[in-house]
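Okay, so here's the structure we're looking at.
The values are calculated or read from the model by the stated rules, or taken from the named source; none is laboratory data. Just so it is clear, the structure is predicted and the values come from calculations on it, not from any experiment. Every residue, glycine as well, gets a Cβ built from its backbone with ideal geometry; the counts of neighbours run over all protein chains shown.
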């Protein structure tokens with residue numbers, strides 16, 4: 001399970017929106033730097049950067065979680081993340097979108113995903129980042145296994161995943 | 001009927017069940033997603049425990065599980081996608 005925190009930092013500068021911002025998506029094995037990702041999303045014309053940080057929880061159903069292991073269908077995961085960016089842009093006026101998923105072993109309490117969206121105004125940035133994480137959870141082929149204190153383990157299923165209960169799918 | 005060799009990819013629980021990450025497999029080139037899944041379960045009967053909870057992807061796009069005809073090409077990449085849990 002992911003814990004989460006959702007914050008919006010309002011910056012001083014509010015200017016006209018840049019002509020088309022950048023989408024940056026990646027799937028990496030290294031520890032995520034919230035600061036670096038935020039910096040990458042920020043632009044001089046942004047009035048806000050909204051940030052979602054998904055972190056790994058230390059318990060599930062009363063069992064203690066030792067660590068989490070993530071794997072991805074790498075090219076497809078990036079493709080679906082870029083599609084999420086495209087959808088965000090069709091709905092909100094945003095500048096830069098940075099979306100980084102960590103895979104491999106992720107110790108408890110560390111970030112498994114960071115999404116940062118900049119926009120001239122906070123409302124768009126906050127709504128966009130909320131939509132983006134929900135859409136990622138529903139469409140990006142990444143899997144999480146929880147390893148418990150007694151060494152048992154379990155593959156998790158996102159509530160947003162449409163085929164976790166029954167067919168069919170996936171758009 | 002033409003048959004083509006495609007690359008199968010297994011992830012997460014399906015990878016653990018089958019015991020490998022990938023395999024080559026021959027299908028009729030003219031098929032449906034439902035038929036592909038049936039053939040996969042014939043080949044890997046142990047996958048039947050998760051058959052109700054998987055979808056397929058073809059060349060990195062999700063496939064709706066239905067009876068619509070589709071054409072496989074040699075070298076296509078077909079993945080078994082258990083319920084996702086990223087984020």
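Table for the structure above
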| item | result |
| --- | --- |
| Residue that is surrounded by the fewest Cβ atoms within 10 Å (Cβ to Cβ) [pool: residues in region B:53-87 that are at positive phi and facing another protein chain (nearest Cβ under 7 Å)] | B:60 |
| Residue that is surrounded by the fewest Cβ atoms within 10 Å (Cβ to Cβ), among those in region B:31-52 that are over 9 Å from the mean Cα position of the chain (by Cα) and within 10 Å of chain A (Cβ to nearest Cβ) | B:52 |
| Inter-residue pairs, beta-carbon under 6 Å, first at positive phi and in region B:12-36, second part of a strand (DSSP E or B), 6+ apart | B:12/A:143; B:12/A:155 |
| Residue that is more than 30 Å from residue B:77 (Cβ to Cβ), touching a residue at least 12 places away in the same chain (Cβ under 8 Å), assigned to a helix (DSSP H, G or I) and out of contact with any helix residue (DSSP H, G or I) (no Cβ under 6 Å at 6 or more places or on another chain), where the choices are A:45, A:38 | A:38 |
| Selection within region A:69-87 - away from every other protein chain (no Cβ under 13 Å) and over 13 Å from the mean Cα position of the chain (by Cα) | A:86, A:87 |
| Test: residue in region B:20-30 that is closer than 30 Å to residue A:106 by Cα and within 11 Å of chain A (Cβ to nearest Cβ) | yes |
| Number of the exception - residue A:6 against (1) under 21 Å from residue A:139 (Cβ atoms); (2) in a strand (DSSP E or B); (3) at pLDDT 95 or above | (3) |
| Hits in region A:87-113 (condition: under 30 Å from residue A:147 (Cβ atoms) and surrounded by 24 or more Cβ atoms within 10 Å (Cβ to Cβ)) | A:98, A:99, A:101, A:102, A:113 |
| Only listed residue being within 13 Å of another protein chain (Cβ to nearest Cβ), assigned to a strand (DSSP E or B), more than 30 Å from residue A:46 (Cα to Cα) and within 17 Å of the chain's Cα centre (by Cα), chosen from A:106, A:114 | A:106 |
| Search result, residues across region A:61-86 that are surrounded by fewer than 23 Cβ atoms within 10 Å (Cβ to Cβ) and more than 23 Å from residue B:78 (Cβ to Cβ) | A:61, A:62, A:63, A:64, A:65, A:66, A:67, A:69, A:86 |
| Residues within region B:39-87 that are touching a strand residue (DSSP E or B) at 6+ places or on another chain (Cβ under 9 Å) and not in a loop (DSSP other than H, G, I, E, B), tallied | 19 |
